[in-house]
Amino acid sequence: LSVLVLCHRSNFKSIPNQSNEAGRSSLGWPNKELLLLILIGLTFTIGEGVVVDWSAVYLRDVLGASAETAALAYGTCAMTMMLMRFGGDLLLPRFGVQKLLFLGGIITFVGLLLIASANAPIIGILGFGIVGIGTALGIPLLMTLAASAKGFSDGAGVGIFATFAFVGFIIEPPLVGWIAGILGLRWGLGIVAVISLLGAFLGTRIRRRD
């Protein structure tokens, strides 16, 4: 990264400074618009985090997969997420932000529900692949909306959103672990599925901008 920055430093110098418009804050707490985006973002970061933290554990300890097979769960999710993000610019004009967030939450819910009810490793891997499809566009879309949030400069909106929404990556491991310790890991993933469903319906509350 440092080499790339040095090689293109002349290009960076040509970028004009952004002047903050009057009445737009560069620092502060989230307003109602950003708060809604943050709540939706939490559901997506928790959904993504459960793949990183629990996919291999779930396949190995619950579905009886070997260590080699268990690793495919995360790999499959990463692959489907990558493909969805490559195709996001084609889907956005057709469906719009609101529908994509709703569908993303629903698809994540279906994937996690499939995982929680799986009885074979291949079904679990398929489920994690579906979760990758569902969560792929969530955070990028919400970042774009946060950048244009009223009352904040572009950088402030994104920064405030990221600061609060990314807390989902921190609270997800102990949340799922606590539920798993009481009810089992299937229930832990099931609760995250419900959280994703909540995010889908919160997505319908976003004002249309497309």
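Tabulated results
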| quantity | calculated |
| --- | --- |
| Selection within segment 180-210 - within 16 Å of GLU33 (Cα to Cα) and either open to solvent by 60 Å² or more (accessible area, probe 1.4 Å) or in contact with a Lys or Arg (Cβ under 9 Å, 6 or more places away or on another chain) (or both) | PHE201, GLY203, THR204, ARG205, ARG207, ARG208, ARG209 |
| Extreme residue, nearest to LEU202 (Cα to Cα), among residues of segment 84-108 that are open to solvent by 100 Å² or more (accessible area, probe 1.4 Å) and either without any contact (Cβ under 8 Å) to a residue 24 or more places away in the chain or more than 13 Å from the chain's Cα centre (by Cα) (or both) | LYS99 |
| Options GLY203, GLY151, GLY138; residue that is within 23 Å of ASN31 (Cβ to Cβ) and over 19 Å from the mean Cα position of the chain (by Cα) | GLY151 |
| Residue that is least open to solvent (accessible area, probe 1.4 Å) [pool: residues in segment 143-172 that are of a type in the set (S, T, N, Q) and at pLDDT below 85] | SER153 |
| Identity of the residue in segment 26-81, exposed (fewer than 15 other Cβ atoms within 10 Å of the Cβ) and part of a loop (DSSP other than H, G, I, E, B), that ends up nearest to the chain's Cα centre (by Cα) | TRP29 |
| Boolean, GLY127 is modelled with pLDDT of 90 or more, in a helix (DSSP H, G or I) and farther than 21 Å from THR204 by Cβ | yes |
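The values are calculated or read from the model by the stated rules, or taken from the named source; none is laboratory data. Please read all numbers here as calculations on a predicted model, not as lab measurements. Methodologically, a virtual Cβ is constructed for each residue, glycine included, from the backbone with ideal geometry; neighbour enumeration extends over all protein chains shown. Accessible surface areas use protein heavy atoms only, side chains included; no ligands, DNA or RNA. Shrake-Rupley method; radii C 1.70, N 1.55, O 1.52, S 1.80 Å.
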